[in-house]
Amino acid sequence: MKGLILVGGYGTRLRPLTLTLPKPLVEFGNRPMILHQVESLAAAGVKDIVLAVNYRPEVMVATLKKYEEEYGVNITFSVETEPLGTAGPLKLAEDILKKDDSPFFVLNSDIICDYPFAELAEFHKAHGGEGTIVATKVDEPSKYGVIVHKPESSQIDRFVEKPVEFVGNRINAGIYILNPSVIDLIELRPTSIEKETFPKLCERGSLHSFDLEGYWMDVGQPKDFLSGTCLYLTSLAKKNSKLLTATSEPFVQGGNVLIDPTAKISPEAKIGPNVVIGPNVTVGAGARLSRSVVLSNANIKPHAYVKNSIIGWNSTVGRWARVENVSVLGDDVEVKDEIYVNGGRVLPHKTIAGNVEKPEIIM
């Protein structure tokens, strides 16, 4: 089987982190985002993976070479000279996706969930249509494009964009399985799979949906990255994953804490709930961290307070400093002692020596 991951461009929504690393290599749960997807595709029997990119593929080549060997897959970059939307990349990668009759998976690189690829392939084969969309249930369907089914069927009748009246609560989760025949419906130009390709499949009566169980989140921007981290950690806790740090550790407060073994944590620190701490991080005595992600080689000094924020690689949060409200520190940022950062997005290699009292970008 085959898979195509829509990686896209500059990762502007996740800046300042993506000023240092391409978005697929930014660590989510202490592993590059793309690795969660490559591993799940490989486990479902996928042998060919295409990464549809239009920005900096060369930075990813070495990392992905390693994954090829580790997971026994072939990873190809399909590089767009202009952004081709969500359907154009399928046409561009036609040679690989149509090299045999087997269906192929398509997914957006920002999506984090328990990827149900094996079950999805089985369901798709059973209904005999040309395409299957993974659907997730939401509480507020009026914010999304909603899937409307034929009565008592998985067959999709139509899509309703931001419905005013309730027509359903299932939305497109950004994961699909398609037959190679679908590529014949797509032209090599900037084009939308949601607005152009799927309606054509609906007309043919050959598009179905598959309900996703468990959590789902588009983690392409900091607020959602943090929400997705909470969902991911909760999912690990339900599975009794050995990845999570034992709640018996003196510094774990409230559970759902994932700490790399190389991190040095003071027993007098309080960490949790919902915290990820990366390799070679140092956390000092009296520091308090909750609902946050701390990337590799960062230093959280004694009595610092970090809440609902992302601390970038090699960054330092000073003694008695306070960082909160979806603040994001880029690579190698220093927050001086006793400084308050409220919703600051700080570009790499900056020093914050004065309070940031309201959300702003610090360049």
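Coordinate-derived values only; no laboratory data. Since this is a predicted model, take the numbers as computed values, not measurements. Note that we place each Cβ from the backbone using ideal geometry, even for glycine, and neighbour counts take in every protein chain shown.
Where the alpha-carbon atoms of the stretch 13-92 are placed on the principal axes, they occupy 32, 30, 19 Å, in descending order. Full extension of the segment from Lys200 to Lys264, taken as 0.36 nm per residue of separation minus the current Cα-Cα distance, would add 17.5 nm.
Whole-percent P(r), the stretch 173-215, all Cα pairs, 10 Å bins from 0: 22, 55, 19, 4. Amide H contacts of Val356: Tyr340, Val341, Asn342, each under 5 Å away and 5 or more positions distant or on a separate chain (H built 1.01 Å from N in the peptide plane; Pro and chain starts excluded).
Here the contact order of the stretch 2-218, divided by its residue count and restricted to Cα pairs under 8 Å and six or more residues apart, works out to 24 percent. So, R0 is 22 Å and r is the distance between the beta-carbons of Glu357 and Ala285; what FRET efficiency does that work out to, to 0.05? Calculated transfer efficiency: 0.20. For the stretch 222-362, relative contact order (Cα pairs under 8 Å, six or more residues apart, normalised by length) works out to 13 percent.
Spatial offset of the stretch 1-60 relative to the stretch 263-296 amounts to 26 Å, using the alpha carbon center of each.
Please list log₁₀ I(q)/I(0) at q = 0.08, 0.16, 0.17 Å⁻¹ for the stretch 2-218, using the Debye equation with identical point scatterers on the alpha-carbon positions. Normalising to I(0) and taking log10 leaves -0.27, -1.13, -1.28. For the pair Leu236 and Val79 in one chain, pulling the backbone fully straight at 0.36 nm per residue adds 53.1 nm over the alpha carbon distance.
Taking N as the number of residues in the stretch 292-363, what value does Rg over Cα atoms divided by 2.2 N^0.38 Å take? Could the numbers behind the result be given before it?
Working: Rg = 10.0 Å, N = 72, 2.2 N^0.38 = 11.2 Å.
That ratio works out to 0.90.
With 26 Å as the limit on Cα-Cα distance, the pairs of Lys242/Lys270; Lys47/Lys150; Lys91/Lys195; Lys125/Lys223; Lys91/Lys200; Lys91/Lys223 that go past it are Lys47/Lys150; Lys125/Lys223; Lys91/Lys223. Hey, what angle do you get for helix 57-71 against the long axis of the chain, alpha-carbon based, 0 to 90 degrees rounded to 10? So the inclination is approximately 80 degrees. Summary value for the chain: 12 percent relative contact order, contacts being C-alpha pairs under 8 angstrom separated by 6+ residues. If exposed means no more than 14 neighbouring beta carbons inside 10 Å and the site is in a DSSP loop, what's the longest run of the chain without any exposed GluC sites (Glu not before Pro)? No qualifying site falls inside 1-151, the longest such stretch.
In terms of surrounding Cβ atoms within a 10 Å radius of their Cβ, Val146, Val335 rank from fewest to most as Val146, Val335.
For the stretch 182-340, what ratio Rg/Rh do Cα atoms give with a Kirkwood hydrodynamic radius? Rg/Rh: 1.17.
Residues whose amide H lies under 5 Å from that of Val328, counting only those 5 or more places away or on a different chain, are Ile310, Gly344, Arg345, Val346; hydrogens are built 1.01 Å from N in the peptide plane. Once you reduce the stretch 164-237 and the stretch 106-126 to the center of their Cα atoms, the two points are 10 Å from each other. Computed from Cα atoms alone, the Kirkwood hydrodynamic radius reported for the chain is 21.6 Å.
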